[in-house]
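Okay, structure first, notes after.
Read-outs throughout are calculated quantities, based only on the coordinates presented, and are distinct from any laboratory measurement. Note that the structure is a prediction, hence the values are computed from the model and not measured. As a convention, Cβ positions derive from the backbone with ideal geometry for all residues, glycine included, and neighbour counts pool all protein chains shown.
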Amino acid sequence: MKKNYLTSVSSANTNFPKKLLIWNYWDHEHIVGTHFEHYKKVEITHEDENKCISNRWAKLPLVPFYIKSVDICTLINENKMEVIHTTLFNLIRCKQIFEFEEKNENECKVTRYDFLEVPKIFNFLQPLFDKIMKKWFINVWEEDMPMRKRRLKVWKLGFKDFNGIDYINDPKVNKSKNLNRKYELKLPIPKITHINKYDKKKIFKRLFKNSKHIGYGLPDL
Ligand SMILES: [Fe+2]
């Protein structure tokens, strides 16, 4: 039987390198922090250099309880990512394609295509689905913005994951030598669980559920 979908397309321009945006999508730890209002737990069950499979416990709009979904992220190529969400015993399947169009090191357009598999009888929900997905895109985008800005700022200062900034760690190091390096990305990205000797599982739990989004407002350095 031919599959039937509700669809939506959202896009935005950014002042970030493409690889930094991909880093943001592949960083699973911030899901229960930055997006704490929607997620309470994430468990990575498999990851390699172009795929990440995780279980997520999420609260959807208008649904009064948390729903576990299985999410499969695949980096199809350096400009395209696919995410497949399945939940409620595989009854709900949603596919998202992210396209990254890098204009230069400091500009990248992101376009997200959403496809929700539904029986044809539900096609009348298309306008509502489109509205919800566009709103979701904007809301999540705004939540992610402070960490992207912070990441780029500390990257330009020479920050390395789990090492910090060399000239902060060692005052003898010349401050200017790390500025303007090209943004790099290697998947899977390092995680706090890599340095936790006592628990090999990659499980991230929400530490708070009532808070204000305070962002990461760092003063100019
Ligand atoms: Fe995010």
**Q.** 5 angstrom amide H check on Ile92, placed H, neighbours 5+ away
**A.** Thr87
Q. Taking amide H positions as placed 1.01 Å from N in the peptide plane, with prolines and chain starts having none, which residues 5 or more places from Ser8, or on another chain, fall under 5 Å of its amide H?
A. Asp114
Q.
On a straight-distance basis, which lysines could pair with Lys2 in a cross-link, Cα separation under 21 angstrom, same-chain partners fewer than 8 positions away excluded?
A. Lys95, Lys120
(Q) Test of understanding: what is the full-extension gain from Asn90 to Ile121, defined as 0.36 nm times their sequence separation minus their Cα-Cα distance? (A) 9.3 nm
**Q.** Burial order of peptide ranges 162-171, 182-191 (average beta-carbon count within 10 Å, highest first)
**A.** 182-191, 162-171
Q) Each residue of the stretch 103-110 in order: what ³J(HN,Hα) in whole Hz does its phi give by Karplus 6.51 cos²θ - 1.76 cosθ + 1.60, θ = phi - 60°, with x for Gly and Pro? A) 8, 7, 4, 10, 9, 8, 9, 10
Q | 222 nm mean residue ellipticity, helices alone, for the chain (DSSP H n ≥ 4; -39,500 (n - 2.57); rounded to 500) | A | -6500 deg cm²/dmol
Q: May I ask you to list the aspartates and glutamates whose Cα is less than 15 Å away from that of Lys182, ignoring any residue fewer than eight positions away on the same chain?
A: Glu102, Glu105, Glu107
(Q) Show me, for the stretch 116-127, the HN-Hα J-couplings you get by feeding each phi into the Karplus relation (A = 6.51, B = -1.76, C = 1.60, θ = phi - 60°), rounded to Hz, glycine and proline as x. (A) 10, 6, 9, x, 4, 4, 9, 4, 5, 7, 3, x
Q. When the scattering of the chain is computed by the Debye formula from its Cα atoms alone, each counted once and equally, what is log10 I(q)/I(0) at q = 0.17 Å⁻¹?
A. -1.44
Q) In nanometres, what is the gap between the two model label sites at Lys186 and Lys201, each 7 Å from Cα along Cα-to-Cβ? A) 2.9 nm
Q) In whole Hz, what ³J(HN,Hα) sequence does the stretch 75-85 give by Karplus (6.51, -1.76, 1.60; θ = phi - 60°), x for Gly and Pro? A) 8, 5, 8, 5, 10, 8, 10, 10, 10, 10, 10
Q.
Within the stretch 1-40, name every residue whose backbone N is under 19 Å away from a label modeled 7 Å from Cα of Leu62 along the Cβ vector.
A. 5-9, 38
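Can you give the relative contact order of the chain as a percent, counting alpha carbon pairs under 8 Å and 6+ residues apart?
The value is 28 percent.
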